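One structure below.
What follows draws every value from the coordinates through simple rules; no lab data is involved. What you see is a predicted model; the values in this text were computed from it and never measured. All Cβ positions, even for glycine, are placed from backbone atoms using ideal geometry, and neighbour counts span all protein chains on display.
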Amino acid sequence: MTDPTAAGAQVAAAGENLGAYQEAIIFLVTAGVVVPLFHRLRISPVLGFIGAGALLGPFGLGRLADSYPWLGPITIGNRAEISHLAEFGVIFLMFMIGVELSWERLRVLRRLVFGLGSIQVIASATVIGGLLAATGQSAAASIVVGIGLALSSTAVVLPVLAEQKRLNTPAGRTSFAVLLFQDLAVAPVLFAIAVLGRNDGANVGSALALALGQAAVAIVVIVIAGRLALRPLFQLVARTKSPELFMAACLLVIAATSLTAAASGLSMTLGAFVAGLLLAETEYRRAIEATIDPFKGLLLGVFFVSVGMSLDPAQLVAAPVLILGLAVALLVVKGAVILVGARIMRLSKPVAFETALLLGPGGEFAFVLLGGAIAGGLVPEALGQTALIVTTVTMIAIPPLSLLARRIGRRSTKTNLGRARAEPPPDAQADRVIVAGYGRVGRLVGEMLKRHKIPFIALDSDPVRVAEQRRLGNPVYFGDSSSTELLRRCDIATARALVVTLDSSAGVEAVVQAARAERADLTIVARARDARHATELYEMGVDDAVPETIEASLQLSEAVLVDVGVPMGLVIASIHERRDEFRTMLKRKEAETRPVFRARRTIGKTLDAKGSDGKAADAKDDKAKAGIGKTA
């Protein structure tokens, strides 16, 4: 017979165990509601996460949990419960910034990055810090708050510009360049705040010099170890062709470099940033971006929820005029600095106004900087909380400000775009061809593209082949070309065409399906095994399918006709005519048999399933599917 006391203890223990997962469950529910809702409303989910944190946090409904116990399970009363997990959101963000940063991108946008970017950060921080110092704040608090409010929101501005297809406009490129400089400035600022926070009254200069020496040694160690170990590690993992192991290797690198930096007295975010820089120039960059991006998005969501939990809406209710007035003042100060800086860099007025509206609001790194400064005692909590509320209010204003900026941009004409129009886009290889598979067929395609000076990027799942082609200077990256996220990282949205050269029929179909679902108007040329496979590819939406058997027959025909004395011009004309006949026949056959193919995919029957040839074909297809990603 069951002991009632023991049963009660088990129930209580189960309740305690469930409570340990309460924060994670609440966050997942919030993400499941916030992301689809805000995506439908075309508003950045960042604002939704911050709002959810404020609503469910200790200053929101959590404040009422003692009076209404039923609110307990749906609120988070202690921000520390998710603070460690939230910290990883910033770590992953800095890692991705490092991976996405390349010397080529810096070189292309160097004038705006280091020119306008430095003007914006230094001048804005100086003006804001000077105004705070004039009100009686300490020098350290004024500097830290000034720098924190000078930064803008990469997590909100870039998605808004991407959604509006304005990243490659002059204002979009200018905003990207300034945000890039801000991202570069975050790491040393975080380091300086950590050093100043540890200073207990000793000489600040000597403490900073000692910390800089330790930091330099730690960074040198991370860089040397990374250059020696990272590429061999990813080559070893890539050979296994296991997405799980590749993901584990990415997470291991982030965790190891972050913990190494923390053990050396640096911030974990700086370690992750350095690791990203080391991997940015490798052939695994695109695959790493596609692998880590979901983790970054989810953990950044946790971070923004924790940010919302630290905000007290009562302060806004208690002093709405003050908060809104400070928010407007921040927009005016940063906007004026950007306008002046843009004119110094000889940008046109419309571009300057657009950029000022987009970058005037505060950003997510203000929460990181000010949170660390408040914890280290550099900034009074009252001042820090006020600055965080002002930052949140201005971030909420980014979507409407972007619409206003878009209207200003529409008034720009080709004659008043200024020098910003001459700046190339952030990615110098826009409007390029994507080659899926870089075996002997893919290499020949790449050589012909280079001969005609058409930019391209190639993807291949063989790490040895990728490493060999990278040494030869070819733009080949490791990854599964059927991955939608990887195709996005290769800028499929602006690609001129996609050429699929994989040797596996199933692999070709997977790439075509992913690409066509991502972009309906993309020109796709695919390699087919035979006429039957070409017909299926035409059904899937390729523009041209090239059957190996037919092409081999045509080339043999061309060779024998020339050898027996038929004039070359007549041979070439007849071969092209016959090739067009085959293409027309295959497309017509696809149109006539489309319902049959649809039924085949539905119930698993082939056109000739009753005969032994049908069984052989099925066996061949099964064998091909087992080799997805194999290239010739």
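Projected label points at Glu281 and Val35, each 7 Å from Cα along the beta carbon direction, are separated by 3.4 nanometres. For the peptides 274-281, 328-335, the ranking by mean Cβ contacts within 10 Å, running from highest to lowest, is 274-281, 328-335. Working ranking of peptides 467-475, 504-512 by packing, defined as the average number of other Cβ atoms within 10 Å per residue, highest first, is 504-512, 467-475. Using the Cβ-Cβ distance between Arg63 and Leu251 with R0 = 35 Å, the FRET efficiency computed as 1/(1 + (r/R0)^6) comes to roughly 0.45. Note on Lys241 and Val220: with the Förster distance fixed at 30 Å, the Cβ-Cβ geometry gives a FRET efficiency of about 0.30. Annotation for Leu259 and Val560: the two label points, set 7 Å from Cα along the Cα-Cβ direction, are 6.8 nm apart.
Sequentially through segment 335-341, phi angles give Karplus couplings (6.51, -1.76, 1.60; θ = phi - 60°) of x, 5, 4, 5, 4, 5, x Hz, Gly and Pro residues having no value and appearing as x. In terms of surrounding Cβ atoms within a 10 Å radius of their Cβ, Thr169, Thr494, Thr269 rank from fewest to most as Thr494, Thr169, Thr269.
Full extension of the chain between Ser138 and Asp431 yields a length gain of 100.3 nm, computed as 0.36 nm times the residue separation minus the alpha carbon distance. Centre-to-centre, using Cα atoms only, segment 277-313 and segment 335-401 are separated by 21 Å. Computed from point charges on the beta carbon alone (+1 for Lys and Arg, -1 for Asp and Glu), the dipole magnitude for segment 257-338 about its Cα centre is near 120 Debye. Residues whose amide H comes within less than 5 Å of that of Tyr477, counting only those at least five positions distant or on another chain, are Ala458, Leu459, Asp460 (H built at 1.01 Å from N in the peptide plane). FRET efficiency for the pair Glu381 and Asp293, taken as 1/(1 + (r/R0)^6) with r the Cβ-Cβ distance and R0 = 30 Å, rounds to 0.30. Placing pseudo-labels 7 Å out from each Cα toward the beta carbon at Asp580 and Glu548 gives an inter-label distance of 2.8 nm.
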